[in-house]
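Participant: My structure is below; once you've seen it, I'll send some questions.
The values are calculated or read from the model by the stated rules, or taken from the named source; none is laboratory data. Keep in mind the model is a prediction, meaning the values are calculated, not measured. Counting neighbours? That spans all protein chains shown, and the Cβs are built from the backbone with ideal geometry, glycine included. Just so you know, the surface numbers come from the protein's heavy atoms only, side chains and all, with ligands and any DNA or RNA stripped out. Shrake-Rupley method; radii C 1.70, N 1.55, O 1.52, S 1.80 Å.
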Amino acid sequence: MTTTAEEFELPTDATKMTALYVRAMNSGDSAAVLNLYTEDAVSVWEPDLPVSGAEHERTIEEFMASAPRMTAELRESYVTGDTALLVVDWTFEVEDGEPLSGTGLDVLRKGADGRWRYAVDNPFGDN
């Protein structure tokens with residue numbers, strides 16, 4: 001699968017990250033998804049089990065192998081300086097599995113380039 005950098009260009013508006021994440025996830029391109037995170041990002045892909053670094057990359061690549069189809073809606077956003085909190089209602093349809101859904105809490109950080117990236121990704125923020 002080939003994607004272009006422009007297709008997944010990081011936004012200068014934090015509220016655009018949810019839509020970008022959905023597009024990247026639905027593209028099937030794990031590199032496009034991983035590009036949306038800071039280098040030191042923490043994700044909680046299983047409740048109460050945060051991962052980062054190489055484990056974070058592996059977790060996303062493994063999940064992407066299930067050919068997920070995502071929908072999401074930004075419910076709330078709070079931006080102050082170089083930090084943002086997004087509250088997101090999401091659903092995943094995966095091959096050979098039950099649909100997954102929840103309300104996520106995402107903490108974004110604005111980089112020196114003025115672009116937003118995920119620093120903390122907790123899809124189970126409502127647990």
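Participant: Between residues in the stretch 65-81 that are aromatic (Phe, Trp, Tyr) and residues that are surrounded by 13 or more Cβ atoms within 10 Å (Cβ to Cβ), which pairs lie under 9 Å by C-beta distance while being six or more apart or on different chains?
Facilitator: Tyr78/Ala84; Tyr78/Leu85; Tyr78/Leu86; Tyr78/Val87
Participant: Then there's this: Just give me the residues in the stretch 94-127 being open to solvent by 70 Å² or more (accessible area, probe 1.4 Å) and either of a type in the set (A, V, I, L, M) or touching a His at 6+ places or on another chain (Cβ under 6 Å) (or both), in sequence order.
Facilitator: Scanning the stretch 94-127 gives Leu100, Ala112.
Participant: If you don't mind, there's one more thing I want to ask. Any chance the stretch 88-99 includes a residue that's touching a residue at least 24 places away in the same chain (Cβ under 8 Å), of a type in the set (A, V, I, L, M) and touching a Leu at 6+ places or on another chain (Cβ under 6 Å)?
Facilitator: Yes, because at least one residue in the stretch 88-99 is touching a residue at least 24 places away in the same chain (Cβ under 8 Å), of a type in the set (A, V, I, L, M) and touching a Leu at 6+ places or on another chain (Cβ under 6 Å).
Participant: Of all the strands (runs of 3 or more DSSP E) wholly in the stretch 1-93, which have at least 3 residues that are surrounded by fewer than 14 Cβ atoms within 10 Å (Cβ to Cβ)?
Facilitator: Where strands (runs of 3 or more DSSP E) fall fully within the stretch 1-93 and carry at least 3 residues being surrounded by fewer than 14 Cβ atoms within 10 Å (Cβ to Cβ), they are 69-80.
Participant: Residue check: is Phe124 out of contact with any Ser or Thr (no Cβ under 8 Å at 6 or more places or on another chain), touching a residue at least 40 places away in the same chain (Cβ under 8 Å) and not in a strand (DSSP E or B)?
Facilitator: yes
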